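The structure under discussion appears below in the form of structure tokens.
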Amino acid sequence: GENVEQHPSTLSVQEGDSAVIKCTYSDSASNYFPWYKQELGKGPQLIIDIRSNVGEKKDQRIAVTLNKTAKHFSLHITETQPEDSAVYFCAASKSNDYKLSFGAGTTVTVRA
Amino acid sequence: KAGVTQTPRYLIKTRGQQVTLSCSPISGHRSVSWYQQTPGQGLQFLFEYFSETQRNKGNFPGRFSGRQFSNSRSEMNVSTLELGDSALYLCASSTAGYLENEQFFGPGTRLTVL
């Protein structure tokens, strides 16, 4: 089955700096890569996603890049703010599989 | 539009008991998936239902089961509870077709087994 690895497991950044989280996947058939943000006591919230026919996608301060050849994708958060502090999960999915395979998560702390 | 709702939010059971968790998807969503989240294993897929049919199942023992009703609401059941079943159980819903793998999660049910 699909194996998604996520690094780093923890990330501490100064407010205003950028944060980058990287994930690799094993199944070349995977074609959908979402990122979720989970705050304490809440369920994961979809923040951005990318499909395999696109190399990069941006939404305000958040961007995701995908390298299909190398089978890795990354989340970039610019101008970090204290409210960006949370656990972030990457995931991978393929058509007609109806499930997400998640990375282990990255705890991001933004220092004021 | 209301999000995914899960009931109850918290549950305490003892070993050997059984439990039923409920999930109401976003209006218009026909696919419901269940995940188990633990500190040690992370987020693991349990099963997915669409139009009352299970389309995929994760690697969990037969004590874990689920079903979906005609209104797309779903329940999952865990029988003969074990201490290791303590976890946050998350339900996610999605629409059909091209966007069907965009899954939106509920707040989860926190199950504690004593």
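Comparing B:11, B:44, B:76 along the charge dipole axis of chain B, the residue lying farthest to the positive side is B:11, per the Cβ-charge model.
Compute the Cα gyration tensor for chain A, then decide on rounded, prolate or oblate, letting a ≥ b ≥ c be the square roots of its eigenvalues: rounded whenever a/c is under 1.5, prolate when a/b is larger than b/c in the other cases, and oblate in all that remain. Provide the component values of the computation, followed by the final result.
Working: a/c = 1.99, a/b = 1.63, b/c = 1.22.
Judged from the Cα gyration tensor, chain A comes out prolate (a/c at least 1.5, a/b above b/c).
Under a crude label model (7 Å from the Cα following the beta-carbon direction), how far is residue A:56 from residue A:112 in nanometres? So the two model labels end up 3.3 nm from each other. Computed from point charges on the beta carbon alone (+1 for Lys and Arg, -1 for Asp and Glu), the dipole magnitude for the stretch A:65-107 about its Cα centre is near 400 Debye.
Please state the charge dipole magnitude for the stretch B:21-114, taken about the Cα centre, from unit charges on C-beta atoms (+1 on K and R, -1 on D and E), reported in debye and rounded to the nearest 20. Intermediate results must be reported in sequence, preceding the final value.
Working: 7 positive and 7 negative charges, 21 e Å.
It comes to approximately 100 debye.
Percent antiparallel among DSSP beta bridges with both residues in chain B, to the nearest 5? The antiparallel proportion sits near 90 percent. Once C-alpha pairs closer than 8 Å and six or more residues apart are averaged by separation and normalised to the residue number of the stretch A:15-112, the relative contact order reads 34 percent.
No lab work stands behind these numbers, since they all come straight from the coordinates. Here the structure is a predicted model, which is why all the values come from computation and not from measurement. No Cβ is skipped: glycine too gets one built from the backbone with ideal geometry, and neighbour counts run over all protein chains shown.
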